[in-house]
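Below is one structure, written out as structure tokens, with a few remarks after it.
The values are calculated or read from the model by the stated rules, or taken from the named source; none is laboratory data. Source: prediction; values computed, not measured. Glycine also receives a Cβ, built like all others from the backbone with ideal geometry; neighbour counts cover every protein chain displayed. Keep in mind that these areas ignore ligands, DNA and RNA; they rest on the heavy atoms of the full protein, side chains included. Shrake-Rupley method; radii C 1.70, N 1.55, O 1.52, S 1.80 Å.
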Amino acid sequence: MYIMEWGGAEVKCCKTFPFMNTYITCMTIAGSDPSGGAGIQADIKTFAALGCYAQAAVTALTVQNTLGVQRTVPVEAELVRQQVQAVTDDVMPDAVKIGMVPNVDIAEALAACLQRARPAFVVFDPVMVSSSGHALMAIPHMQGIACSLFSQCTLVTPNLPEARALLGSTETDAAVLAQDLGKAYPGTAFLIKGGHAGGCEATDVLCEGGRLHRFSHQRLHTANTHGTGCTLSSAIAAHVARGLPLPEAVAAAKAYLTQAMQAGAGVFAGHGAGSLNHFFTPLPSIVRKK
């Protein structure tokens, strides 16, 4: 037995014996989407479909469906901190995915949690600019979140408008943006998502330690694209947790996303941008043998 403090009181806990098996575990820290297509709901589906045990901490409650977001209510920063600390004190995730961070107070709380817990891998999908290019928060707000949180992240996955907003740039080349962000936030890798660029192919660019990796695929013709950014970043986290190096994890995650979009392309999932089919070929939970 060992003693830990819980809510100001001492609690006796059972030690984890070295011969006990464990799940490969991923944690999402993000907003809730009641329509089920994005946010923590999409993250949990992705983790589970890729054989990982899912944990979740909620940063915001939203009123939304496939037609759009009607309202967002941030969770109190201290409550977010307590959620994350409670989970990481008990079961340390193999990888963490961060989604919606609605304000700087929550960003600072998360940065403190991550600095304390030191998870092996953290990917941040900054929900800052909508798919239509509309800013969801003021640029100084976005940059404040970046200053608080990026240094604690292994990978950040902005789309093109988000990358430009973070840098205050009009640059259109994803490779240049990725390299510039890498210089601005050394030690953090950046995956610039190229879905907003024109052409028959969409190309994402990863800058890791100054090295560039490009990932291209044919554009899919489907209206069911709700939660694609959430799904991609969660799939990267899951594949890293399963042992893949970052470039291979990105390639595997993009393949999973493409197949999930293809599987859900012909299915009615709402009157707007419908969801993907996350469970087109689900994997059983992966158990790490001790």
> For the chain, which span is the longest to avoid every loop-located (per DSSP) member of GluC sites (Glu not before Pro) having at most 16 other Cβ atoms inside 10 Å?
Replying inline: 172-290
> Stokes-Einstein D for the stretch 220-290 at 4 °C, 1.567 mPa s, Kirkwood Rh over Cα pairs, in µm²/s?
Replying inline: 100
> Taking amide H positions as placed 1.01 Å from N in the peptide plane, with prolines and chain starts having none, which residues 5 or more places from ASN65, or on another chain, fall under 5 Å of its amide H?
Replying inline: GLN70
> How much accessible surface area, in Å² rounded to 10, belongs to the heavy atoms of LYS254 with a 1.4 Å probe?
Replying inline: 20
> Quick one: Karplus J couplings for the stretch 30-37, per residue in order, coefficients 6.51, -1.76, 1.60, θ = phi - 60°, nearest Hz, x for Gly and Pro?
Replying inline: 6, x, 8, 10, x, 7, x, x
> Can you put SER285, SER234, SER148 in order of accessible area, largest first, using a 1.4 Å probe?
Replying inline: SER285, SER148, SER234
>> Given axes a ≥ b ≥ c from the Cα gyration tensor, I'd like to know whether the stretch 134-290 is rounded (a/c under 1.5), prolate (a/b larger than b/c) or oblate.
In response: oblate
>> Can you say what percent of the DSSP beta bridges in the stretch 45-197, counting only those with both residues inside, are antiparallel? Round to 5.
In response: 45
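Counting only protein heavy atoms and using a 1.4 Å probe, what share of the accessible area of the chain belongs to carbon plus sulfur, as a whole percent? Could you put the intermediate results ahead of the total?
On the way: 7530 of 13560 Å².
Reported share for carbon and sulfur atoms: 56 percent.
For PHE124, PHE280, what's the largest-to-smallest order of accessible area, 1.4 Å probe? Don't skip to the answer; put the middle values down first.
Working: PHE124 5, PHE280 55 Å².
Greatest to least solvent exposure: PHE280, PHE124.
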> Considering only protein heavy atoms, what is the solvent-accessible area of ASP105 at a probe of 1.4 Å, reported in Å² to the nearest 10?
Replying inline: 100
> Which percentage, to the nearest 5, of the DSSP beta bridges contained in the chain is antiparallel?
Replying inline: 55
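Taking a ≥ b ≥ c as the square roots of the Cα gyration tensor eigenvalues, with a/c under 1.5 meaning rounded and otherwise prolate when a/b beats b/c, else oblate, which class fits the stretch 56-164?
Working: a/c = 1.81, a/b = 1.42, b/c = 1.28.
Cα axes put the stretch 56-164 in the prolate bin.
For the chain, how big is the tail of P(r) above 31 Å, as a whole percent of Cα pairs?
Working: 10161 of 41905 pairs.
Summing the P(r) tail past 31 Å for the chain gives 24 percent.
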> Got a sec? What order do TYR256, TYR23, TYR185 fall in by accessible area at 1.4 Å, biggest, i.e. largest, first?
Replying inline: TYR23, TYR185, TYR256
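Quick one: how many lysine pairs does the chain have with C-alpha atoms less than 21 Å apart and a gap of 8 or more or different chains? Give me the count, please.
On the way: LYS15/LYS289; LYS15/LYS290; LYS45/LYS97; LYS45/LYS254; LYS97/LYS193; LYS97/LYS254; LYS183/LYS193; LYS193/LYS254.
Final tally of qualifying lysine pairs is 8.
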>> Could you give each residue of the stretch 100-114 its phi-based ³J(HN,Hα) in whole Hz, using Karplus coefficients 6.51, -1.76, 1.60 with θ = phi - 60°, and x for Gly or Pro?
In response: 4, 10, x, 7, 5, 4, 5, 4, 5, 5, 5, 4, 5, 4, 5
> Does the stretch 23-117 come out rounded, prolate or oblate, given a ≥ b ≥ c as the square roots of the eigenvalues of its C-alpha gyration tensor, rounded meaning a/c under 1.5 and, failing that, prolate meaning a/b above b/c?
Replying inline: oblate
